[in-house]
Amino acid sequence: MRPASLGHGVGLRREHFERVLSAPTRIDWFEVISENFMADGGRPVDVLDQVRARYPIVLHGVSLSIGSTDPLNKPYLDRLAALARRTEPAWVSDHLCWAGVGGHYAHDLLPLPYTEEALRHVVGRVDQVQEHLGRPIALENVSSYVTFRQSSMPEWEFLAEIARRSGCGILLDVNNIYVSSRNHGFDPRAYVEGIPKDCVWQFHLAGHADKGKYLLDTHDHPVPDPVWELYALAVERFGAVSALVEWDDRLPDFERLEQESLRARQIEAGILHPATAGASHPKAAAGEAAP
Amino acid sequence: MSGPSTLSRTESLFWDLITAPEGVRPGLDALVRDGRAAQGALEEMIAGDDRLPAAERLDIYANMYFFRLLDCLREDYPRLATAVGEDRFHNLCTDYLLTHPSGHPSLRYLGRRLPEFLAGHVVGRESGCLVDLARLEWTRADLFDAADARALTREDLARLSQEAAGDLPLRPVPAFRLLRLDHDAPRLWRELRDREAAGPETPGEGGAATGTETAEATWGAGAANAARLGEETDGARCASGHVHDDRPAPPLPRQRRRKTAVRVWRREFTVYHRAVEDEEAALLELLTEGTTLGQVAQRLSAGRSQAKATEALGRVLQAWIDAGLLAVEPR
């Protein structure tokens with residue numbers, strides 16, 4: 001079942017710890033990188049406890065490696081389960097990718113071939129993870145730079161089928177859809193329209209870098225207009241879904257990040273409650289500065 | 001069923017190519033030479049186009065792989081990176097990652113074997129003090145998120161009767177280590193920090209005094225995993241291969257061997273280190289094994305008058321309590 005929307009959040013990054021703890025924010029919720037808080041003590045753990053006392057949080061991992069052909073890492077799952085028990089997140093998410101093989105980790109989000117074999121493999125592992133954690137998880141589409149010749153279905157069909165067969169949620173990264181659409185030449189709207197309406201638990205919004213021959217998912221820029229436009233399309237299709245702005249490098253001050261989140265809120269309101277929200281559809285608000 | 005699955009073969013080839021030190025295409029050539037892949041294996045796996053051929057597409061992952069891990073190691077070993085210079089650090093990390101690719105889901109552990117690796121590496125053999133510097137830096141990074149514990153305070157001690165005080169168990173907080181080094185790494189650490197603060201034009205050899213000094217970490221030690229895994233890369237470099245530059249590399253630091261004991265600990269959220277004299281080092285060793293206040297007092301009484309022993313005990317206890325180094329509860 002799709003969880004109720006948490007509203008509009010941002011990724012909690014250490015550069016903003018002091019600001020977030022020292023004064024109220026206009027942020028509804030925070031997403032934290034699970035691996036950064038799987039510690040025995042120290043400041044990250046202390047900060048997480050304080051943030052959790054004030055806001056809903058979502059645990060977002062980068063090393064589950066759900067698509068790897070290595071066995072699932074049980075000690076990692078144990079730590080994730082313990083972190084989830086301690087923090088009671090609204091949900092736990094990770095990426096539809098593999099992070100390593102042969103016992104090694106790339107610390108990257110590596111793409112899968114979209115085949116029936118990979119589908120069965122991932123679904124089986126999602127079942128194991130959900131059983132281990134005692135809760136459903138959400139999986140996020142990643143930005144990709146390669147297309148496997150063996151792929152037999154488009155990415156959105158692969159993602160939707162995993163959600164359908166395993167019961168997991170979808171964390172729909174709108175920026176990743178846009179980046180991949182440019183890198184592979186597909187219509188990003190077809191991706192959004194190919195995802196079942198009731199499976200999407202969360203959106204991600206972020207910026208990327210134009211490297212000339214391709215777009216790189218860098219999270220070091222404001223959310224660009226094409227991604228806002230795709231977000232608006234997603235809101236039209238999926239309704240009120242928890243939306244989160246990610247910004248990891250060249251971080252601005254917290255207030256600038258907050259503005260990005262408020263812009264997402266305004267766009268959602270403009271679509272779902274146009275009578276009260278004013279003109280805030282990104283197309284209607286072309287050229288308008290973020291609120 | 002026999003043999004690896006298609007998915008398994010795909011992931012293995014993908015992995016071998018993105019972690020090849022010289023980049024994807026030379027990596028494939030090496031696999032072909034070894035009989036582990038066919039010449040057309042890359043194009044059979046990845047669909048390229050005129051804009052971005054298959055090898056260039058995979059090189060995006062190869063660059064992200066190496067530079068992300070390089071950034072992580074630089075974050076855990078900032079002084080080592082300064083000491084050896086950018087290119088040497090790049091090449092050291094290349095060699096390290098080939099021998100010790102990450103085997104843990106968290107980047108936090110990536111650099112844990114660098115000190116021992118450096119000891120056998122040409123850079124470490126040329127400049128032994130760098131190995132001890134690396135040991136110090138890793139210990140600092142390692143303690144950053146060690147378990148918390150309430151530290152013993154003067155008030156805790158004041159509440160004890162004199163009889164009970166002798167039996168007081170003394171143990172260090174979990175975020176404590178005693179290092180036994182062959183060089184004065186704290187001095188080198190301090191000199192490098194000063195060099196960083198002064199900017200790149202300042203000559204490397206500082207005139208810092210020898211002896212002990214508490215050194216403070218800035219918040220931020222410890223590599224963080226990130227959701228975004230794309231990295232800005234330096235286009236002048238090839239994947240994770242060695243770099244060679246016409247500019248002369250900075251001279252490696254030289255230090256005579258000098259046995260140095262260093263206590264490293266975290267108080268609240270800041271990691272400190274301090275070189276200690278032999279007597280304190282011996283007491284700290286006693287502490288890590290588990291001791292009592294009475295036993296520490298007994299150790300200090302050897303060769304001292306009672307008045308001097310009492311004074312020494314007071315000095316040691318005060319220093320440890322002020323540093324937040326003693327735990328209230330045994331671990």
Practice item. Let me see the pair-distance distribution of the range B:1-132: every alpha carbon pair, 10 Å bin width, integer percents in order. Key: 11, 36, 29, 19, 6, 0
Check your understanding: When B:SER12, B:SER305 are ordered from fewest to most other Cβ atoms inside 10 Å of their Cβ, what list results?
Key -> B:SER305, B:SER12
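How crowded by other chains is B:11-19, given as the mean number of beta carbons from other chains within 10 Å of each beta carbon?
Details: counts 12, 3, 1, 9, 8, 2, 0, 3, 4.
Mean partner-chain Cβ count within 10 Å for B:11-19: 5.
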Review point. Where does helix B:86-99 land angle-wise versus the long Cα axis of chain B, in degrees 0 to 90, nearest 10?
Key: 80
Point to revise | Modelled FRET efficiency - R0 51 Å, B:ARG247 with B:GLU268, Cβ distances, 0.05 increments | key: 0.75
**Study point:** Whole-Å semi-axes of the ellipsoid equivalent to chain A (Cα gyration tensor, √5λ, descending)
**Key:** 27, 25, 18
Check your understanding: If you line up the Cα atoms of the range A:75-130 on their principal axes, what length do they span on each, largest first, in Å?
Key -> 36, 23, 17
Review point. In what sequence do A:PHE238, A:PHE186 fall when counting other Cβ within 10 Å, fewest first?
Key: A:PHE186, A:PHE238
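D for the range B:259-331, whole µm²/s, Stokes-Einstein with Kirkwood Rh over alpha-carbon pairs at 4 °C and 1.567 mPa s: what number? Show your work: numbers first, answer last.
Working: Rh = 13.1 Å.
This corresponds to a translational diffusion coefficient of 99 µm²/s.
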Check your understanding: Tally Lys/Arg at +1 and Asp/Glu at -1 over every other residue whose Cβ is under 10 Å from the Cβ of A:ASP253; what's the total?
Key -> -1
Check your understanding: Between rounded, prolate and oblate, where does the range B:99-161 land on the alpha carbon gyration tensor, with a ≥ b ≥ c its root eigenvalues, rounded for a/c under 1.5, else prolate if a/b exceeds b/c?
Key -> oblate
**Study point:** Solvent-free Debye scattering, log10 I(q)/I(0), computed from the Cα coordinates of the protein assembly as shown at q = 0.07 Å⁻¹
**Key:** -0.51
Study note, to complete from the structure: Residues whose modelled amide H sits under 5 Å from the amide H of B:THR291, counting only those 5 or more places away in sequence or on another chain, are B:LEU170
Check your understanding: Which ordering of B:MET64, A:MET1, B:MET45 is given by a fewest-first count of other beta-carbon atoms within 10 Å?
Key -> A:MET1, B:MET45, B:MET64
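If you take the square roots of the eigenvalues of the alpha-carbon gyration tensor of chain B and sort them as a ≥ b ≥ c, do you get rounded (a/c under 1.5), prolate (a/b over b/c) or oblate?
prolate
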Study note, to complete from the structure: Checked the range A:28-126 against the a/c 1.5 cut and the a/b vs b/c comparison, axes a ≥ b ≥ c from its Cα gyration tensor; verdict prolate
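Quick note: the coordinates plus some simple rules give every number you see, no bench work behind them. Note that this is a predicted model, so its numbers are computed, not measured. Methodologically, a virtual Cβ is constructed for each residue, glycine included, from the backbone with ideal geometry; neighbour enumeration extends over all protein chains shown.
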